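Undergrad: Supplied in structure tokens, the structure appears directly below.
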Amino acid sequence: MGKAKKQVHLNVFLRQAGHHAAAWRHPKTTPELTFDFGYYKQLAQTAERGLLDSVFMADGYVGTGRRLEPFTLLSALSVATTHLGLIGTVGTTYNEPFHVARKFASLDHISGGRSGWNIVTGHTDATAFNFGKETHLEHSERYKWAEEFVEVTKKLWDSWEEESLVFDKASGISIDEAKLHEINFDGSVYRVKGPLNIPRPPQGYPVLVQAGSSDSGRELAARTAEVIFTAQPTLAEGQAFYADVKGQLAKYGRSADELVVLPGFSPIIGHTRAEAQELEDELNAFHDIHDAVAKLSERFGVDLTGFPLDGPIPPIIDPKGIESVNGSKSRHQLILDMLRSDSSLTLRQVVNRLASARGHLTYTGTPIEVADVIQRWIENHAA
């Protein structure tokens, strides 16, 4: 017997003018449409025509205003699409379970059961400052909060049984009160009485997505998520991640097929490979390479600004150590591994590679070649 065919899940990450850091400067992009709903409507409808599973919106609470708030945008997109999944990023550290449960229940009702929650914990002190905190919660503590946050939120959705709404005009009863329940949750972080003030989502729960690939992130995904979004730049690293996270499911009484692994993939596509390469070269030409080197220096605490861009990258020793990183540990380690694994890389090549996909898998070529990459990852247990 041949190999059983796998179902490929395709999700599009909506990122303004494109995922390359310099995409907005390319003459053919339209960054001025960043806040134009019609632009996102066109993207979502294109994804739906292409039979993609879902669109995915990132979010954060700091920065210079280059994204719309996900709940608002996805609610609008829900009435412009019919089948497309709508995944929004909502952090657990700076929200309350009741608010998040209510908003996702609303989005799920509006969309007819098409919402998804990308669960993140946040990763900068700057975010903490916007919420009256002196420092960002420590990494492992954030994930403890996140686990409890998700537990409370699910209990709130469960506080309404199925068919709680009866609307019996003859008896004058609209809600079967016996099917509503207080949750009386009393945890180490949250105390919530319940019930939720809106019926459970049509799906029961929105699709639960997790986007952290650190040890804590993998554990949270194995315990709670249906999808894990990850950055794995090579097939071998993708296979190792896939095996590890799938292997953790059994301890939570889950089977391997209960978690979908979605590695990020940022292809640059042309009718020919030469055309695709020309586009990549154009994008890199617009990249502010000196600013990128400065940011890489800041990340690793090593001043790289004086080194030649086209010379070998200097040895980088992470002075802080990965355990002391309180931001995105997995992305920090991914970049560090890339720098250490290929001594032939120049500084310019490193920052351009990061500009293209921030550590995700990249490929420059034709549509057929890109499809081959996806198939290779699927068939070899990396996605």
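Undergrad: Looking at 72, 81, which one is in contact with an Asp or Glu (Cβ under 8 Å, 6 or more places away or on another chain) and β-branched (Val, Ile, Thr)?
TA: Going through 72, 81 in turn, just one is in contact with an Asp or Glu (Cβ under 8 Å, 6 or more places away or on another chain) and β-branched (Val, Ile, Thr): 81.
Undergrad: May I ask you to list pairs of residues, at least six apart or on different chains, whose Cβ atoms are under 7 Å apart, with the first in the stretch 157-172 being of a type in the set (Gly, Ala, Ser) and the second being assigned to a loop (DSSP other than H, G, I, E, B)?
TA: Close Cβ pairs satisfying both conditions: 159/181; 159/183; 159/194; 159/195; 159/196; 164/176; 164/199.
Undergrad: Which of the residues that make up the stretch 94-130 are among the hydrophobic types (A, V, I, L, M, F, W, C), more than 24 Å from residue 75 (Cβ to Cβ) and open to solvent by 20 Å² or more (accessible area, probe 1.4 Å)?
TA: 126, 129
Undergrad: A follow-up question, please. Specify which of the listed residues (86, 74) is surrounded by 20 or more Cβ atoms within 10 Å (Cβ to Cβ), under 30 Å from residue 132 (Cα atoms) and at pLDDT 95 or above.
TA: Unique residue meeting the criteria: 74.
Undergrad: Okay, next question. Please go through the stretch 76-97 and give me each residue that is closer than 22 Å to residue 112 by Cα, within 14 Å of the chain's Cα centre (by Cα) and of a type in the set (Ser, Thr, Tyr), ordered by number.
TA: Hit for the stretch 76-97 is 89, nothing else.
Undergrad: Return the pairs, sorted by first residue and then second, in which the second residue is among the aromatic types (Phe, Trp, Tyr) and open to solvent by less than 40 Å² (accessible area, probe 1.4 Å), the first residue lies in the stretch 101-116 and is closer than 12 Å to residue 204 by Cβ and at pLDDT 95 or above, the beta carbons are less than 9 Å apart, and the residues are 6+ apart or on different chains.
TA: 104/71; 104/117; 104/157; 105/157; 105/160; 115/104
Undergrad: Find the residue count for the stretch 210-235, including only residues that are among the small types (Gly, Ala, Ser), touching a Leu at 6+ places or on another chain (Cβ under 7 Å) and part of a helix (DSSP H, G or I).
TA: Residues that pass the stated criteria total 2.
Undergrad: Also, quick follow-up: Could you check how many residues of the stretch 270-289 are open to solvent by 80 Å² or more (accessible area, probe 1.4 Å) and touching a strand residue (DSSP E or B) at 6+ places or on another chain (Cβ under 8 Å)?
TA: 1
Undergrad: Looking at the stretch 149-159, can you tell me whether even one residue there is open to solvent by less than 70 Å² (accessible area, probe 1.4 Å) and either acidic (Asp, Glu) or over 30 Å from residue 259 (Cβ atoms) (or both)?
TA: yes
The values are calculated or read from the model by the stated rules, or taken from the named source; none is laboratory data. The structure presented is a predicted model; accordingly, all values stated were derived computationally and were not measured. Reconstructed Cβ throughout: ideal geometry from the backbone, glycine too, with neighbour counts over all protein chains shown. Just the protein is used for accessible areas: all its heavy atoms, side chains included, with ligands, DNA and RNA removed. Shrake-Rupley method; radii C 1.70, N 1.55, O 1.52, S 1.80 Å.
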